Amino acid sequence: MITRAFDRSAMSWSYEMNLQPMLSATDIEGLPFGSVFGSVPAHTVSKRHAHQDGEMFIVLSGRAVVVLGDEERELGPGSVCYLSPFGFHEIRNDHDEPFDLVSVYWEHIPSAVAVLDKAPPRDRLADRTLVFCPPPTPNGGLHLGHLAGPYVRADLLVRALRSTGRDARYVTGTDDHQSYVAAAARLDGTTPAAVATAAGDAIVATLRAAGVGVDRLTRPAGDPGHADRIRALLDRVAASPAVREEERATAYCPSCDLSLHQAFARGACAHCAAASDGEICEACGRPNEARELTGVRCRICGTAAVTRPERALWLDLNAYADELREYLRVTATAPDLRILVERLLDEGLPPYRLARTTDWGVDLGEGRALDAWADLALTFLDAAKAEAEEGGPARITLFLGYDNSFYYAVLLPVLAFAAGLGEHLPAAFVTNQFLHLGDEKFSTSRGHAVWADDALAASGADAVRLALLRDAPEGRVTRITEERAGRLTEDPLYLAAHAWLDGFAELGGKGDGVVPGTGAWTDAHREFYRYLNLATRQLDGLVLPEAFSARGYVELLESFVKRCAEFRATERVARQVPSLAEEARTSLALEYLAAKAFAALAWPVTPGLAERVWAWLGLPGEPVREADWSFLPSGTRCTAPAPAPAASGRS
């Protein structure tokens, strides 16, 4: 006889609850299930998670709400519930007593696979999605490192969502009130407004040339209503008990009579010793105050900083730590971002200064302006609020560079909580690291850069997009050499796609471009058709914000083209056999269907090529991806050979 007893002292912490082993195959040979005692402490929530196992809860004592997907059930002593494989679930105990249970779990792979088959990725896509990208700072042009981060990757997601029939909108702009704009103006002997306008116009033109379509463009310096709207939101923030006016020591340059913050300060990070500007370290992502930097100096004149007292509004970020933890618990976040934010929360969040002593930005009077990052966060909330009022509720996905994690995953949510605008926060964060040129970061000051406009002019938008998506810095630093940057049209997928499409001119022997109806099918035909549908589902899975991968998308698309080319190579001989004429019709119809599928699947990556293929096949509008591919009508005449390479962009 084997016995086990519920024992709190024998429990360990896992899945954000207490667990104690019960019985498993380790204890009893052949036992087809595992089991544990579990206890969720009072006023806590267990970890939201999913697994391939089926699971059953048997409640011993206490009451709690068990959540499975969108379902919620309150359970008490004696209750039993079943949780299906791959269903995200958690236990929410709002009561004063622990919630004790027995969990029995087992693996049955056919059931797990059946659940996946019944829930294709496309079914999980929101009907309406807002895709936000951090507005670039208009203090210079965009290089390939900029484009490789959020901008082209976000456009991939927007196009992919639109191709499935979803409503998707791209929101970005220019970060006009950044201190970097004011610093550039000072160094160039001009005004911040002139820098923001000229550089901002150039940035918007570059994005358009790269095929990045922006549906809402925020340009604060040129928006006459921006300051009033942002001040109104700031008033809501300032009403929070977590905001107070205080006098604190601040880095200061006596030579320039400048309050040193952000772009005006330069030193070394006190945490990681990397070179850093004021208020944030790009290397480790940690916030700071400029006066905390080691060896801090004025960027304008190089004078060593002193300190002086300044009065300003300060926000106690720690006052919202619990709310921030709960928000991040239910939000899809990249691992690098989660590690940083959890570490900051564990260490205790620093207070954040909401106003700066400067004459550039949203004027707050008395020689002060709204902090540029607070301005940026409130601009985000203002845009999200406007989008909701104009188009209805939407799921928000935010693309951002890892170096901006603090501002978007800490400061933005806390400002939203303080202003009562938490419903407009992102549901998913998609981060990127840096793309390096060779072994070093892109640097405009050192001339270590490949400018986006030059690359686009030389290679066209499709080739530039493809190269940057293939080597997107997702979860890691990636590199591109100057040699490769000059030969972007030699990408393997770029060459293979054009070679395969060029071959359509010779199909059917006559090259008449008429699509036949299907005839007799072979096993090879059936499996190729199955592949077109399965490959589409795989690519759909990579545009779920929670599973997004531009690199993975390009790799699967390249595999798709190789499979299509291989199908043609093996079918070519059979089409010449007179007795297989009926089979040849099916083979040709499948090839044209593959071209239709390619156009829709490639549109997020190479929109110019995809749109030309779509039009060549006689299909209207923008490319549309079907869940199950339908054949082109018999007799459709493709009036031109496969399109030649050319640049194209979406306005």
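Of note:
- Note on the chain: antiparallel DSSP beta bridges, both residues inside, total approximately 75 percent of the bridges counted.
- Highest-first packing order for the peptide set 338-344, 457-463, 203-209 is 457-463, 203-209, 338-344, based on the mean count of other beta carbon atoms within 10 Å.
- Normalised radius of gyration (Cα atoms, divided by 2.2 N^0.38 Å) for region 189-314: 1.30.
- The chain - accessible surface per residue (Å², probe 1.4 Å): 42
- Length added when fully stretched, residue 202-residue 6, from 0.36 nm per residue minus Cα-Cα: 63.8 nm
- Where trypsin sites (Lys or Arg not before Pro) fall in DSSP loop in region 381-470, at most 12 other Cβ within 10 Å: 446
- Taking all Cα pairs closer than 8 Å and separated by 6 or more residues, the relative contact order of the chain comes to 13 percent.
- By accessible area, using a 1.4 Å probe on protein heavy atoms only, the chain has 52% of its surface on carbon and sulfur.
- Here the Karplus curve 6.51 cos²θ - 1.76 cosθ + 1.60, taken at θ = phi - 60°, turns the phi angles of region 305-322 into couplings of 6, 10, 10, 8, x, 9, 8, 6, 6, 10, 9, 7, 4, 5, 5, 10, 4, 5 Hz, with x standing for Gly and Pro.
- Histogram of C-alpha separations across region 438-479, 5 Å bin width, %: 5, 20, 23, 27, 20, 5
- Label of the coordinate-derived value, Kirkwood radius over Cα pairs in Å, listed as (1) 27.8; (2) 32.6; (3) 27.0: (1)
- Comparing Cα centroids, region 126-199 and region 381-428 end up 16 angstrom apart.
- In Å, descending, principal axis extents of the Cα set of region 151-262: 56, 41, 26
- Applying Stokes-Einstein at 10 °C and 1.306 mPa s to the Kirkwood radius of region 1-87, computed over alpha-carbon pairs, gives a translational diffusion coefficient of 111 µm² s⁻¹.
- Descending Cα extents along the principal axes, region 20-153, whole Å: 66, 39, 30
- 3J(HN,Hα) from dihedral phi, region 370-385, Karplus parametrisation 6.51/-1.76/1.60, rounded to Hz, x for glycine, proline: 4, 3, 4, 6, 5, 4, 5, 5, 5, 5, 4, 5, 4, 5, 5, 5
- Among beta bridges from DSSP that stay inside region 351-454, the antiparallel ones total about 60%.
The values are calculated or read from the model by the stated rules, or taken from the named source; none is laboratory data. Please read these numbers as outputs of a predicted model, since none were measured by experiment. We place every Cβ from the backbone using ideal geometry, glycine too, and count neighbours over all the protein chains shown. Accessible surface is based on the protein model in full, side chains and every heavy atom, while ligands, DNA and RNA are left aside. Shrake-Rupley method; radii C 1.70, N 1.55, O 1.52, S 1.80 Å.
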